[in-house]
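What follows draws every value from the coordinates through simple rules; no lab data is involved. Everything numeric in this text was worked out from a predicted model, so none of it was measured. Backbone-built Cβ (ideal geometry, glycine too); neighbour counts: all protein chains shown.
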Amino acid sequence: MNSIYTPKEALQKLEHFCAYQERCHDEVIAKLQSLKMTSDEIDFIVVKLIEDNFLNETRFACSFARGKHRIKHWGKIRITNELKARHISSTNITLALKEISAEEYENTFNDLAERCWNSIQEKNILKKRKKFCDYLLRRGYESNFVYEKVKMMELE
């Protein structure tokens with residue numbers, strides 16, 4: 001079965017795809033496979049996108065980390081796991097996490113913790129603690145932060 005697009009048309013389509021929003025290599029390859037491109041054509045297009053700076057894994061990782069932290073309030077563990085799932089190198093993951101300042105990270109964590117603690121209606125303190133900890137751990141925050149915070153919340 002032949003591809004619907006010529007490599008040149010596919011390249012243009014993928015340039016728009018990458019210009020609209022930062023993409024990782026996996027997303028680009030999946031998109032090209034959905035366009036029924038051969039593996040040689042995929043390799044050629046991916047190399048071309050990298051050369052023309054439409055595809056840059058470091059830039060993707062940094063943008064991803066900033067966005068997920070600022071908008072979805074994810075912690076570093078969740079961001080790291082999500083980047084690993086997208087086959088981003090550990091070097092790029094490290095660079096991406098440096099995009100989030102310690103101060104911003106702490107402020108986001110504290111705001112999220114306050115909101116979460118106050119929103120849990122549970123009367124049983126043990127159940128409330130568990131819900132609080134589960135929520136913050138699911139969001140990808142470090143367990144030592146979460147457990148310190150739960151102790152502070154109970155004292156207030």
With the 8 Å Cα cutoff and a minimum separation of six or more residues, the chain has a relative contact order in percent of 21
Going from the fewest other Cβ atoms within 10 Å to the most, one would list Arg86, Arg115 as Arg115, Arg86
Computed over segment 1-89, the convex hull of the Cα set has an average projected area, in nm², of 6.0
Any DSSP H helix in the chain with Cα axial reach of 15 Å or more and mean Kyte-Doolittle score of at least 0.5? Listed by number, the hits are 39-51
Here segment 102-155 gives, from Cα atoms, an Rg and Dmax in Å of 10.5, 33
Any residue on another chain or 5+ positions along whose placed amide H is under 5 Å from the amide H of Arg139 is listed here as none
The alpha-carbon center of segment 99-156 and that of segment 1-32 are separated, in whole Å, by 41
Residues other than Cys62 with Cβ under 9 Å of its Cβ, Lys/Arg counted +1 and Asp/Glu -1, net out at +1
Here the alpha-carbon Rg of the chain over 2.2 N^0.38 Å rounds to 1.38
